[in-house]
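Heads up, the thing below is written out as structure tokens.
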Amino acid sequence: MRDPSEPAIRLFSYGTLQQADVQRANFGRLLAGEADAVTGYRLSSVAIDDPDVVAESGSAVHPILVPTGHAADLVTGTVFLITRAELEAADDYETDAYVRVEVTLVSGGQAWAYVAPAADPSDGSSTL
């Protein structure tokens, strides 16, 4: 259970961090959350090569948020209130395919979310 004296950190999840088994494995508890959404992103998928993450989630392909900058693009998910230690555990769980950024929620609040890294146009690479 989260210590109520510790400031709550908001984490927006649209994928495997919503799964009960993944939460138990990474946080040692089930997280309570509320439905919300982000705009300016679209949902895509990414191959996961970390065998521990694949075993916990049950899938080698995970969803990933890709920034579009278009307000009409909307991705729904869940906002969880977590501790600093739980945020660090989420950082450890998410592979190098993701970067953690602060996003604005449709509800008006801010939350951390794991998204695709921005492509560097100078190197000709792409996030997907």
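The values are calculated or read from the model by the stated rules, or taken from the named source; none is laboratory data. Every value quoted in this text rests on a predicted model; they were computed, and no experiment measured them. Quick reminder, even Gly has a Cβ in these numbers, built from the backbone with ideal geometry, and neighbours come from all protein chains shown.
Okay, here's what the table says:
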item	result
Options ILE9, ILE48; residue that is farther than 22 Å from ALA118 by Cβ and either surrounded by 12 or more Cβ atoms within 10 Å (Cβ to Cβ) or in contact with a Leu (Cβ under 9 Å, 6 or more places away or on another chain) (or both)	ILE9
Any hit, segment 97-110, residues being assigned to a strand (DSSP E or B) and crowded, with 18+ Cβ neighbours inside 10 Å	yes
Matching residues, segment 12-65, being among the hydrophobic types (A, V, I, L, M, F, W, C), in contact with a helix residue (DSSP H, G or I) (Cβ under 6 Å, 6 or more places away or on another chain) and either in a loop (DSSP other than H, G, I, E, B) or farther than 25 Å from LEU105 by Cα (or both)	ALA25, LEU30, LEU31, ILE48, ALA60
Enumeration of residues in segment 15-32 that are buried (at least 19 other Cβ atoms within 10 Å of the Cβ) and either free of Cβ contacts under 8 Å to residues at least 12 places away in the same chain or at positive phi (or both)	GLN23
Hits in segment 67-82 - residues which are among the β-branched types (Val, Ile, Thr) and modelled with pLDDT of 95 or more	VAL75, THR76, THR78, VAL79, ILE82
